[in-house]
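The values are calculated or read from the model by the stated rules, or taken from the named source; none is laboratory data. These figures come from a predicted structure and were not determined experimentally. Neighbour counts are summed over all protein chains in view; Cβ atoms, including those assigned to glycine, are modelled from backbone coordinates with ideal geometry. Areas reflect the complete protein model, heavy atoms only, side chains present, ligands, DNA and RNA absent. Shrake-Rupley method; radii C 1.70, N 1.55, O 1.52, S 1.80 Å.
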Amino acid sequence: MIFARDKSQMCNNLLQYAHVYAWGREHGRKVISMRFSYKYQYFHICHTSLTGFGWYLFAKYMAALKLLPTASFKHSDCDRAALERKMLRHKHIVVSGWNVRFYDLFLKYRKEICELFTLDEQYTAPVKAKMPPSVMSSAVETSLALGVHIRRGDYAQWQNGQYYFDDAVYAAHINRFAELHPGKTIHVFLSTNDSQVSAEAYQQSCPKVVIHHFKGSAPEDLFMLSECDYLIGPPSTFSLVAAMYRDIPLYRMDVADEQQMTPESFRLFDYWFRRIL
């Protein structure tokens, strides 16, 4: 049994667990998520038999008492080959750390991973009810749904605030996207952790698109983004995971200059998830 353990936020935990799950799947090992056993109870995985608070407590205290070995991928320069040999050597082990990476196996079992992290209906139904029918219907070819992830909060300090963009930068990117898709009705869906974001202000700055701001919870916003046709936002695992479900083209705002956005700069999940910052 492999117990996947980590800290940090929801989508970081999701990706870290998924790498461990894929490795376990390849080697015929069951993998339990310690994090999703008690936190972020929004997904199908949280209702499975191997995901529960009892398993979390068992692994936590067994590891603390040194009765379970640990393979720690905490540091970016860790010896991954040695840690993988340790995982193979022990029947029961805790695997922790953000830097656990099995990219090819992740892609191999991606469909199963997406199924495990299917969001519960209580979070998807409210979003479906709010999204315009023209957006939800693939038969409507004149409309495009653009999901915009406006990340604030901790981004004021993360990477020295390099990706903490103001509303003018996001609005410029939305307008640039509209320029790249003339003749389309573009519905823009805002997802943000900043309570001061105003749909009305964005609508004034972006008159050629239709702005929507549902002010949903984190799982609702994740589902909303996953239903869009395109995504833009700064480097973030939140928008990356949203892109994962349906392989949505994602433009990562590595710089503030919206002119860097071209049709070719929208890339799929398998490109971006190998380039997480």
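Does Lys74 qualify as being under 30 Å from Phe223 (Cβ atoms), open to solvent by 50 Å² or more (accessible area, probe 1.4 Å) and not hydroxyl-bearing (Ser, Thr, Tyr)?
The answer is no for Lys74.
Of all residues being out of contact with any Lys or Arg (no Cβ under 7 Å at 6 or more places or on another chain) and within 21 Å of Gly54 (Cα to Cα) in segment 19-34, which is surrounded by the fewest Cβ atoms within 10 Å (Cβ to Cβ)? Just the residue, please.
Residue satisfying both the conditions and the ranking: Lys30.
Within segment 138-160, how many residues turn out to be free of Cβ contacts under 8 Å to residues at least 40 places away in the same chain and either over 22 Å from Pro235 (Cβ atoms) or open to solvent by less than 20 Å² (accessible area, probe 1.4 Å) (or both)? Even if it seems obvious, please write down each step before you answer.
Our first condition is that a residue be free of Cβ contacts under 8 Å to residues at least 40 places away in the same chain; within segment 138-160, this holds for 138-141, 154, 156-158, 160.
Among the residues that remain, those that are also either over 22 Å from Pro235 (Cβ atoms) or open to solvent by less than 20 Å² (accessible area, probe 1.4 Å) (or both) are: 138-141.
Here the count works out to 4.
Among the residues of segment 123-135 satisfying the criterion of being open to solvent by less than 70 Å² (accessible area, probe 1.4 Å) and of a type in the set (A, V, I, L, M, F, W, C), which is farthest from Ala256 (Cα to Cα)?
Initial filter on segment 123-135 (open to solvent by less than 70 Å² (accessible area, probe 1.4 Å)): 123-127, 131-132, 134-135.
In the following step, the residues that additionally are of a type in the set (A, V, I, L, M, F, W, C) were identified as 125, 127, 131, 135.
Working: Ala125: 34, Val127: 29, Met131: 29, Val135: 28 Å.
Among those residues, the one meeting the criterion is Ala125.
Which condition number does Ile248 fail, the rest of (1) surrounded by fewer than 19 Cβ atoms within 10 Å (Cβ to Cβ); (2) in a loop (DSSP other than H, G, I, E, B) being met?
The one condition Ile248 does not meet is (1).
Just checking, which of Leu105, Leu14, Leu50 is assigned to a helix (DSSP H, G or I), open to solvent by 20 Å² or more (accessible area, probe 1.4 Å) and touching a residue at least 12 places away in the same chain (Cβ under 8 Å)?
Numbers: Leu14 fails: open to solvent by 20 Å² or more (accessible area, probe 1.4 Å); Leu50 fails: assigned to a helix (DSSP H, G or I).
Result: Leu105 is the single residue among Leu105, Leu14, Leu50 that is assigned to a helix (DSSP H, G or I), open to solvent by 20 Å² or more (accessible area, probe 1.4 Å) and touching a residue at least 12 places away in the same chain (Cβ under 8 Å).
With respect to Leu116, determine if the residue is touching a residue at least 12 places away in the same chain (Cβ under 8 Å), crowded, with 17+ Cβ neighbours inside 10 Å and touching a Cys at 6+ places or on another chain (Cβ under 9 Å).
Numbers: touching a residue at least 12 places away in the same chain (Cβ under 8 Å): yes; crowded, with 17+ Cβ neighbours inside 10 Å: yes; touching a Cys at 6+ places or on another chain (Cβ under 9 Å): no.
Spelling it out, it is not the case that Leu116 is touching a residue at least 12 places away in the same chain (Cβ under 8 Å), crowded, with 17+ Cβ neighbours inside 10 Å and touching a Cys at 6+ places or on another chain (Cβ under 9 Å).
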